[in-house]
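Here the structure comes first, spelled out in structure tokens, and everything after it is commentary.
The values are calculated or read from the model by the stated rules, or taken from the named source; none is laboratory data. These numbers were taken from a predicted model, which means no experiment stands behind them. Reconstructed Cβ throughout: ideal geometry from the backbone, glycine too, with neighbour counts over all protein chains shown. When the accessible area is computed, the model is the full protein with side chains, heavy atoms only, and any ligands, DNA or RNA have been set aside. Shrake-Rupley method; radii C 1.70, N 1.55, O 1.52, S 1.80 Å.
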Amino acid sequence: MLFLALGFTALLILGLPIFLAMAGAAIAVIGSGDIPLGVVAQRISAGVQSFPLLAVLLFTLAGALMNESGISDRLFALTRAFVGHIRGGLAQSVVISNVFLSGISGSSVADCAASARIFVPQLTKAGCGQGFAAALCAASSSLGPIIPPSILMVIYAWQANTSLGDLFWAGIIPGLVMAVCMMIVVAIVAARRNFPKDGGMSSARLWTTFKQAFWALMMPVLILGGFRAGVFTATEIAGVAAAYSFVVGAFFYRTLSFKILPRILRTTAMETAVVLVIVAAAAPFSWILAVEQAPQMLVQAIKGITSNPWVLLLVLNVALLLLGMVMESIAIMIILVPILLPVLTAFGIDLTHFGIVLLINLVIGQLTPPVGVLLFVAGSVSRTKLSDIIREMKPFYIALIGALALVTYIPALSLWLPSVFK
């Protein structure tokens, strides 16, 4: 196990992608023993032969179709009409828009790209500052994996063998808590910097933008309503979301054409491959850890330090936040969840509750350098310097860590809705 950890670390230091580092370390360990190397191929193949992983592909396709169909543009227009009249209303509309976008795409990267493309120029023109605008778009898009549907929820449910439906319901209130915390930050910054108002509220404007966004707003209703009624399984919901995005874009909004479908499918294939190649490479890596009884050893080690589940959650939060700075979210999840499951069970921590805590940690990691993918997406789309974005991110870090603390130590925020919709 020590050889595996050292090999993995060494390959990362050499600059190999994380999936090659995991696979390479596993091959080195297995090849040095009596186990035939064919086991590596068997574990890789078994690692991706899971029906729930089909939802990753379909939700990625839904997000790509959403961005091309103009759904995000209409949602942005509606929220701007709703809150634009207050101080910093245009900035507040970024957060509210991402609440709705999160209920459609399931991808923080897709939401960040859409937000930065539309809002950064508008916020900069309004005098809010390009760095703050990009930071706001990056921070707000962290809601994507928390408010269902969510690609990361699919992967966690598959790994933890827990109900994806429960995770979907569990993410709603924590997502709203995160949104409120960020809106408080925006309100404080807007008051201090005297951000402008975006005109008065008009019932005509609200009605017009609502009509334009109606079909976009129906997608979360369709997804959660269909699941609650038992019409769709969790995996089927992903297919329904993709089909609905296509139908709305092609026949209602008429912004999708068959000419751009090859590009959308190519983008979907590439983004899905990034996820599944990590899943596949992690399979032999996790198998070695299981054979060496790493989870059981971790349980005993932690029990020797503390028997308090609240202390354990604090330790895990700190560790996950630090790991998020240097590792990609999916890799962290795939490596750690199988190891942590026996620990969580031994300490009586609900797996659905921990799933949401884990996801919040991971999305904060997507905002922290040096591997803050959302910072890079916001910067590249809006052509903003990374240093300017990081400087403006500080209050959002405080807000999101505050939300993480609330969700961690008030389990009802995550568990109440799943109990209601059992």
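Observations
- Normalised contact order of the chain, rounded percent, pairs of Cα under 8 Å and 6 or more residues apart: 26
- Cα extents of the range 208-321 along the three principal axes, largest first (Å): 61, 31, 29
- When the chain is treated as a Gaussian network with alpha carbon springs shorter than 10 Å, the biggest mean-square fluctuation among Cys112, Cys137, Cys181 belongs to Cys181.
- Lys, Arg +1 and Asp, Glu -1 on Cβ, resulting dipole of the chain about Cα centre, debye, nearest 20: 1360
- Here, the range 1-146 is characterised by an Rg to Rh ratio of 1.20, where Rg is the alpha-carbon radius of gyration and Rh the Kirkwood radius.
- For the range 362-407, the C-alpha radius of gyration divided by 2.2 N^0.38 Å, with N the number of residues, is 1.17.
- Whole-Å distance, taken between Cα centres, linking the range 343-410 and the range 214-284: 24
- Compared with the dominant Cα axis of the chain, that is its longest principal axis, helix 309-324 is turned about 80°.
- Loop trypsin sites (Lys or Arg not before Pro), the range 363-398 (other Cβ atoms within 10 Å of the site Cβ: 14 or fewer; DSSP): Arg383, Lys385
- Remark: spin-label model distance Ala46-Glu236 equals 3.0 nm, labels positioned 7 Å along the Cα→Cβ axis.
- Most mobile of Gly225, Gly379, Gly88 in a GNM of the chain (Cα contacts under 10 Å): Gly225
- Pairs over the 29 Å Cα-Cα cut-off, from the set Lys125/Lys385; Lys211/Lys385; Lys211/Lys259; Lys303/Lys394: Lys211/Lys385; Lys303/Lys394.
- Ligands, DNA and RNA excluded, the heavy atoms of Tyr397 present near 40 Å² of accessible surface to a 1.4 Å solvent probe.
- Mean Cα-pair separation over length for the range 17-168, i.e. relative contact order, pairs under 8 Å, 6 or more apart, %: 22
- Tilt relative to the chain, helix 329-346 - C-alpha long axis, 0 to 90 degrees, to 10: 60
- Projected label distance in nm at Ser307 and Tyr409, using a 7 Å step from Cα toward the beta-carbon: 2.3
- Rg followed by Dmax, in Å, when the chain is reduced to its Cα trace: 21.6, 74
- Across the range 83-219, Cα pairs under 8 Å and at least six residues apart give a relative contact order of 36 percent.
- Put a dot 7 Å past the Cα of Arg383, heading toward its Cβ, do the same for Trp416, and the two dots end up 4.6 nm apart.
- The long axis of helix 18-31 is offset from the longest Cα principal axis of the chain by roughly 10 degrees.
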